[in-house]
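The values are calculated or read from the model by the stated rules, or taken from the named source; none is laboratory data. Being a predicted model, the structure only gives us computed values, none of them experimental. Here the Cβ is made from the backbone with ideal geometry for all residues, glycine too, and neighbour counts use every protein chain on show. Ligands, DNA and RNA are excluded from the accessible area calculation, which covers all protein heavy atoms including side chains. Shrake-Rupley method; radii C 1.70, N 1.55, O 1.52, S 1.80 Å.
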Amino acid sequence: MIHLYNVCKNYQKDAASALHNLNFKIAKGDFVYITGPSGAGKSTLLKLLYCAEKPSRGQILVNGKNITRMGSSHIPQLRRHTGIVFQDFKLLDNRTLFENVAFPLEVQGKKRFEISNKVYQALKHVGLHGKLQKYPLQLSGGEQQRVAIARALVVDPLILLADEPTGNLDLEVTLEIIELFKKANARGTTVLLATHDQEMIRRFPRRVIALENGQLVNDSAP
Amino acid sequence: MLDQLIYLFRRVFRNIRQSPVLCSAAVGTVAVALTILAFFSLIVINIQSLAAHWSEEIQIVAYLEREPSPARLKQWRDGIEAMPEVAAVRYVNQQEALRRFKSRLGSDSDLLEGFGAEILPASLEISLREQYRNRESAETVVGRLRQNPELAEFNYGQDWLERFEAFLELLRFGAVVLGFFLLFAALFIVANTIKLTLYARRDELEIMALVGATPWFIKVPFLLEGALQGALGAFLALGGSLALFQFFLRQGLVALLSVTGGDQIVFLDWQQQLLLIGTGILLGLVGSVLSLRKFVRI
Ligand SMILES: Nc1ncnc2c1ncn2[C@@H]1O[C@H](COP(=O)(O)OP(=O)(O)OP(=O)(O)O)[C@@H](O)[C@H]1O
Ligand SMILES: [Mg+2]
């Protein structure tokens, strides 16, 4: 599903590289943690995968497509099959939960009744179907992240990218969130989760790709 | 298709509802700039049409030493009418010259009490074909007429009209320069207001791009909003300049150009009104294109 060949990323010409010579494969349906200390390059790696940044060197294949050779007009298409979740949720505060989750479907030009159906199902999956007309700021942090996850999953993505999704949340809520990622993974979505939360990895052991200073230092499955 | 159109307009109106102040600022800028523009255009257009009207009246008047016999008159007329420049020849005898003079004096016509028709000369009024209504052609014709010694004096000058047209040229040039300056200033302000609205909505733009919106999908509502603001501003400018025209400019121009009655002073015709609205729309569109270029990158 995801395949990296000798991927390097330098943000500035002569700065230290944020990623250095990465090679790995992630199969369809995998659940993979990306770990490493702050500044290791976790976010950079995810950005390359949703084309917010381009690698300085190397090739990246996603679902059989070489996204490093792809023109920028194909980026939207790639992102429609990719769900993205951030530490700071990135919800629109002036829109209801329903409107927030409907957003990716509207962008894709889906029909109205199809949108309402899917949005309701997605919010039901994360247990928030009772709060369709609430606004994000009326919710707790954990609930907001669940909305963000519903928004990422509403399009039935092939890949789910999460950049420290539980960074702002306490342990109890973290466990709920992880449960959601596992459910999505069970339905066939490939999940990449960047975190430095060792507790989480200990409780739900999965394959771990560890980075340090932009280099792959460990790649181990339980 | 209809669904998408409705969705598009919902997005546009949501944007406008979310930043009404910025939106009105953009509309107001367009309105003010275009009102000033329309105001000066009206002045130029009216002076110009009046000047055109005056130059239509260019004709040669040949004054006669004495009234000719009908036979000679016919001979002269035929000769003059045969000239390629000449449209028509009209004979004004002394009686008629006096009658005209009296009517021009109006209530002061009793000044002429006791004078006979002989105080005014008879004349031939020679009007020129349209393409010859200028100074050179008039001079050519007069040159030929001078060979007849009985035609004593000619009047075709309209010197002042030519000077006036030079002045008009200057006025037109000034209006064009001012217009460009105004449009640029308006464009700058509109682009910056739209940039502010984009800045206020940068989260939304970012998320749209992240969930796979194409650049066009992101941009179109903003372009539409810009065009709408431009159109609205142009309509306000149209109303504003019509009000200025009715209550102020018409009387001013009547006084300045000393025309009788206000009928010759006109407002913008419908093509010019369309042009004004088109300019407003273009202003809003270009303004949004300029600011979107910096904001929407994928
Ligand atoms: N936009 C940028 N411009 C320049 N340098 C950057 C940029 N983004 C990240 N970097 C640098 O790249 C390196 C990797 O950063 P990255 O954000 O990928 O780390 P991270 O593993 O996500 O860290 P954290 O756990 O703190 O989020 C860092 O040295 C950082 O300074
Ligand atoms: Mg990071």
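Worth pointing out:
- The helices (runs of 4 or more DSSP H) found entirely in the range B:1-100 that carry 1 or more residues being under 25 Å from the mean Cα position of the chain (by Cα) are B:20-56.
- Total residues in the range A:25-51, condition open to solvent by less than 20 Å² (accessible area, probe 1.4 Å) and within 12 Å of ligand 2 (Cβ to nearest atom): 9
- Taking the criterion of being among the aliphatic types (A, V, I, L, M) and more than 18 Å from B:LEU22 (Cβ to Cβ), the residues of the range B:229-246 that qualify are B:ALA234, B:ALA237, B:LEU238, B:LEU242, B:ALA243, B:LEU244.
- Only a single criterion out of (1) away from every other protein chain (no Cβ under 11 Å); (2) over 21 Å from A:GLN144 (Cβ atoms) is not satisfied by A:LEU78, namely (1).
- Taking the range A:52-85 as the range and being crowded, with 17+ Cβ neighbours inside 10 Å and touching a His at 6+ places or on another chain (Cβ under 9 Å) as the test, the residues that pass are A:ILE60, A:VAL62, A:ILE67.
- Helices (runs of 4 or more DSSP H) wholly inside the range A:136-222 containing at least 3 residues that are among the small types (Gly, Ala, Ser): A:141-153
- Annotation: of all residues in the range A:198-222 being farther than 19 Å from A:LEU49 by Cβ and either open to solvent by less than 30 Å² (accessible area, probe 1.4 Å) or touching a strand residue (DSSP E or B) at 6+ places or on another chain (Cβ under 7 Å) (or both), the one that is farthest from ligand 2 (Cβ to nearest atom) is A:ALA221.
- A single entry from B:LEU124, B:LEU111 fulfils the requirement of being aliphatic (A, V, I, L, M) and closer than 28 Å to B:LYS74 by Cα: B:LEU124.
- Selection over the range A:29-46 of residues that are more than 6 Å from ligand 1 (Cβ to nearest atom) and more than 14 Å from chain B (Cβ to nearest Cβ) gives a count of 9.
- When residues of the range A:9-21 are limited to those that are in a strand (DSSP E or B) and more than 16 Å from ligand 2 (Cβ to nearest atom), the one farthest from A:ASP197 (Cα to Cα): A:ASN21
- If you check A:LYS90, A:LYS54, A:LYS111 for being under 20 Å from B:ALA213 (Cβ atoms), facing another protein chain (nearest Cβ under 9 Å) and within 16 Å of ligand 1 (Cβ to nearest atom), only one passes: A:LYS90.
- Candidate set: the range A:142-172, residues that are within 14 Å of another protein chain (Cβ to nearest Cβ) and within 16 Å of ligand 1 (Cβ to nearest atom); chosen: the one nearest to A:THR195 (Cα to Cα): A:ASP163
- The single residue among A:VAL147, A:VAL173, A:VAL191, A:VAL208 that is among the hydrophobic types (A, V, I, L, M, F, W, C) and under 30 Å from B:ILE6 (Cα atoms) turns out to be A:VAL147.
- Whichever residue in the range B:165-213 is of a type outside the set (A, V, I, L, M) and open to solvent by less than 50 Å² (accessible area, probe 1.4 Å) and, among such residues, is nearest to the other protein chains (Cβ to nearest Cβ): B:GLY212
- The residue of the range A:177-197 that is nearest to ligand 2 (Cβ to nearest atom), among those that are open to solvent by 80 Å² or more (accessible area, probe 1.4 Å) and free of Cβ contacts under 8 Å to residues at least 60 places away in the same chain, is A:GLU179.
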